[in-house]
Amino acid sequence: MIMIKYGVFCEDEPHRIFIINLLNQITKLYENQVIISFIFNHDFKIRYGANFNRNQVKGRYLDVIKDSFIIYSLDLLFIGYDYDYHDENSFDKEYEKEVEKIKKLKSNFINKTILFIPVQCIEHWLWYLKLKENGGNIQRKIILEKRERNEAKEAVYENKKGIKDFRNMIANSLTEQIDVLWLKQKSFSFRKFYNHFESYMKSNTSK
């Protein structure tokens, strides 16, 4: 069995819920190759589990990375914040710029840190999942990430987007069964994140 201790440093609880539920599914995807146990570090969440805005996450995550691996002995850290814009070219530049910052830290930190930066916000990933769950036309190319953030939040949470517990409940419900391959096809920002995650998995789950 391979045990992977991980933490999530992100903006909001829906970001964290997305990662936790995704990892539950990843365990199933890899079970024919090797037994994997993802272990969520609750002490890390106590220290870094508050809600932050985008700028706070970006301003603090380099120090959080150091704490993650030196103090909390994590094997894997997810850093998540909303990109807030929808241009794919500028997103790629943003992503690579943040990767270069991490590379300047201790050399192996970049191999254990995965960025997840939804375009424009985590609700766009959830919106794709809700559309699929509700039987939307998944054959047609749908680019929801060009739609405004408020529209995405309204589509996901309807008229209860301001109620925190309801948002978390909806996020949990939509991410219990994530069609990873489908979402990779629909969302370029999810595809960027998941390709990075797959590289980590291949490097750390070989027999």
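What follows draws every value from the coordinates through simple rules; no lab data is involved. Not measured: the values here are computed from a predicted model. Ideal geometry is used to build each Cβ from the backbone, glycine not excepted, and the neighbour counts take in all protein chains shown.
Normalised by the number of residues in the chain, the average gap of Cα pairs under 8 Å and 6 or more apart makes the relative contact order 25 percent. Counted by Cβ distance under 12 Å from residue 7, the other residues give a net charge of +2, where Lys and Arg count +1 and Asp and Glu count -1. Spin-label model, residue 71 to residue 198: label points 7 Å out along the Cα-to-beta-carbon direction sit 3.5 nm apart.
For the chain, a Kirkwood radius taken over Cα pairs fed into Stokes-Einstein (20 °C, viscosity 1.002 mPa s) yields D = 123 µm²/s.
If you line up the long axis of helix 54-70 against the longest principal axis of the chain, both from Cα atoms, how many degrees apart are they, to the nearest 10? Roughly 30 degrees between the two axes.
Relative to the Cα centre, the charge distribution of the stretch 1-115, modelled as +1 at Lys and Arg Cβ and -1 at Asp and Glu Cβ, gives a dipole magnitude of about 540 debye. For the residue pairs 130/184; 103/186; 132/192; 130/153; 101/186; 93/146, the C-alpha atoms sit more than 22 angstrom apart in 103/186; 101/186.
Helix content alone sets the calculated 222 nm mean residue ellipticity of the chain: runs of n ≥ 4 DSSP H residues at -39500 (n - 2.57) each, divided across all residues, give -17000 deg cm²/dmol. If R₀ is 35 angstrom, what is the calculated FRET efficiency for the pair residue 154 and residue 45, using the beta carbon separation as r and rounding to 0.05? Result of the calculation: an efficiency of 0.75. Fully extending the segment from residue 88 to residue 173, taken as 0.36 nm per residue of separation minus the present Cα-Cα distance, adds 27.8 nm. Sorting the segments 98-105, 168-175, 122-129 by their mean number of nearby beta carbons within 10 angstrom, highest to lowest, gives 122-129, 168-175, 98-105.
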